[in-house]
Every structure is written in C-alpha cells, then in structure tokens.
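What follows is one structure encoded as structure tokens, with my remarks underneath.
The values are calculated or read from the model by the stated rules, or taken from the named source; none is laboratory data. These numbers come from a predicted model, not from an experiment. Please note: Cβ atoms are built from the backbone with ideal geometry, for glycine as well, and neighbour counts cover all protein chains shown.
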Amino acid sequence: MRPSLKIPVIILFLLCLLFSPAWGKKYGPPHELVDKATITMRRFLTDEQMSWLREHLKEAKGVIIVPQLIKGAFFIGGSGGSGVLLARYPGNDWSYPAFYTIGSVSFGLQFGGEVSEIVLLIMTQKGIDAFLSTAVKLGGDLSVAAGPIGMGAKAQLADILAFGRSKGAFIGISLEGAIIKPRDSWNRLYYGKPVRPVDIIYGRLVKNPHADPLRELLKKYCQ
C-alpha cells in the first residue's frame, strides 16, 4: 500500500470501530452499575457487621444490590437509585442481572444517617415472582424487614430483608413504601436487545460475560 493511502485507511478503520454496534454497547451506564454492584456486594460479604447476611445468603431466592441511594434522585423530596437483581438457581448458580430503579418519598433509618449502599435479600419465591412483573411496593405488595437487627418473627416471615451501609458502618433501614420497578432501557442497553426481567431470570435468553465476576462472587459465598 502506498504511504499516501495509509492514513485514510487507518482513519476509516477507526471510524468503523468507533461507530460499530459492538463498540457502542461495550461499556455504558449499566456496565458501570454492575461494576459498582460487585464492589458493594464484596464490601457487604466481607464486613464483620454483616455476618448474618453472609451466612444466610445461600437461603435467599435472590438479591437486589443498590450501590448508591441518593436523596432527590427519584421523587422530589425523596430518595432513589438504581440497582441490579440476580436470582439464585438450584446448585448455587446465579442469573445474569436485571436492572431496576428504587424510589420512595422517605426512607426510615433506625439509627439515623444517610444510606449510600443497600442490599436486599429476597427470601421467598413470592418475592422473586413479584419483581419479574411490574412495579413492586415494599410493605404493600411484599413484606420487608430490616436485617440483621431485630431478626425476630417479623424478619423470619418477611419476603425481603434489607441491609444498609453508610460510610462503612451498618445502619438499620426500613424500606416500607419504597417502589422498585424494572429499568427496561438499561436491560436493552446491557444485553443489546429488548428484554424483560423474566426473560433474563427465568428464560435465560441473554448473557453478558461482563457480569460473571458478580455472579461468581455470589456463588462463592453460597457454597
């Protein structure tokens, strides 16, 4: 190839790479959320204050990880954030993530402070099924209790157990009234085609190896 043609060919190659579908969906906000969820889940599982969560993760039907809960991010005067849901299959294997938003007019904190990270253990099949349909109201459609504090009769019967951390310290949290609903646009962006949570969790119609570190982390603590 003549030297005069090399530069235009290189530019054309870079433009094709930049605007190709594979490049465009390689990394985006959903990928960043999965990375942050992996970090958050690792923090919870290695936190001495979270021994109950660590020891009982294998009993959960699924988990929702919200790396950051921010005031005013969902409803005016309320709190909200984005999270991922993964379900546990028989044999301790875990699903690929489905994306959700969480919001509420107010989140009750048992000991004050700001919740920056939350993990919800889904303890019942009813809980998993509810999240795979439409928006879910905690305390309404599903029962929710704070863990690990107050692990009494209410917590033992709850569909959801909520764990919170703020600035590295455990905070008891009440999520009564919180609304969680699928984030379809992020599911589509992450998997490259329109897909519902039920297709991800039960149908197993899509995969993204990017989420494998998070899936392996959960599997490790369910052995």
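Is at least one residue of segment 181-190 at pLDDT 90 or above, touching an Asp or Glu at 6+ places or on another chain (Cβ under 9 Å) and buried (at least 16 other Cβ atoms within 10 Å of the Cβ)? Working first, answer last.
Of the residues in segment 181-190, the ones at pLDDT 90 or above are 181-190.
If we keep only those that are touching an Asp or Glu at 6+ places or on another chain (Cβ under 9 Å) as well, we get 187.
Narrowing further to those that are buried (at least 16 other Cβ atoms within 10 Å of the Cβ): 187.
Yes; the residues of segment 181-190 include at least one that is at pLDDT 90 or above, touching an Asp or Glu at 6+ places or on another chain (Cβ under 9 Å) and buried (at least 16 other Cβ atoms within 10 Å of the Cβ).
Where residues in segment 93-118 are in a strand (DSSP E or B), aliphatic (A, V, I, L, M) and at pLDDT below 95, which of them is surrounded by the fewest Cβ atoms within 10 Å (Cβ to Cβ)? If you could, list the steps in order and put the result at the bottom.
First, the residues of segment 93-118 that are in a strand (DSSP E or B): 94, 98-104, 108-109, 117-118.
Keeping just the survivors that are aliphatic (A, V, I, L, M) gives 98, 102, 109, 118.
Then drop every residue that is not at pLDDT below 95, which leaves 102, 109, 118.
On the way: Ile102: 25, Leu109: 16, Ile118: 26.
Out of the qualifying residues, it is Leu109.
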For this session: State which residue pairs qualify: first residue closer than 24 Å to Lys36 by Cβ and modelled with pLDDT of 95 or more and inside segment 72-92, second residue in a strand (DSSP E or B) and basic (Lys, Arg) in any location, beta carbons under 9 Å apart, and separation of 6 or more residues or different chains.
Result: none
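State whether the residues of segment 166-177 include one that is at pLDDT below 95, in contact with a helix residue (DSSP H, G or I) (Cβ under 9 Å, 6 or more places away or on another chain) and not aromatic (Phe, Trp, Tyr). Walk me through it before giving the result.
Narrowing segment 166-177 to residues at pLDDT below 95: 166-177.
Those left that are additionally in contact with a helix residue (DSSP H, G or I) (Cβ under 9 Å, 6 or more places away or on another chain): 168-170.
Then keep just the ones that are not aromatic (Phe, Trp, Tyr); that gives 168-169.
Checked against the condition, which is being at pLDDT below 95, in contact with a helix residue (DSSP H, G or I) (Cβ under 9 Å, 6 or more places away or on another chain) and not aromatic (Phe, Trp, Tyr), segment 166-177 yields at least one hit.
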For this session: Could you please tell me which pairs satisfy a Cβ distance under 7 Å, a separation of 6+ or placement on different chains, a first residue in segment 160-175 that is farther than 20 Å from Leu57 by Cα, and a second residue that is surrounded by 19 or more Cβ atoms within 10 Å (Cβ to Cβ)?
Result: Ser166/Val115
Exercise. Hey, does segment 196-207 have a residue that's within 20 Å of Gln49 (Cα to Cα) and crowded, with 19+ Cβ neighbours inside 10 Å?
Worked result: no
Seminar exercise, completed: Conditions (1) modelled with pLDDT under 85; (2) in contact with a strand residue (DSSP E or B) (Cβ under 9 Å, 6 or more places away or on another chain); (3) of a type outside the set (Lys, Arg) -> Ala153 fails only (2)
Seminar exercise, completed: The strands (runs of 3 or more DSSP E) lying wholly within segment 125-214 that contain at least 3 residues that are among the β-branched types (Val, Ile, Thr) and within 18 Å of the chain's Cα centre (by Cα) are none
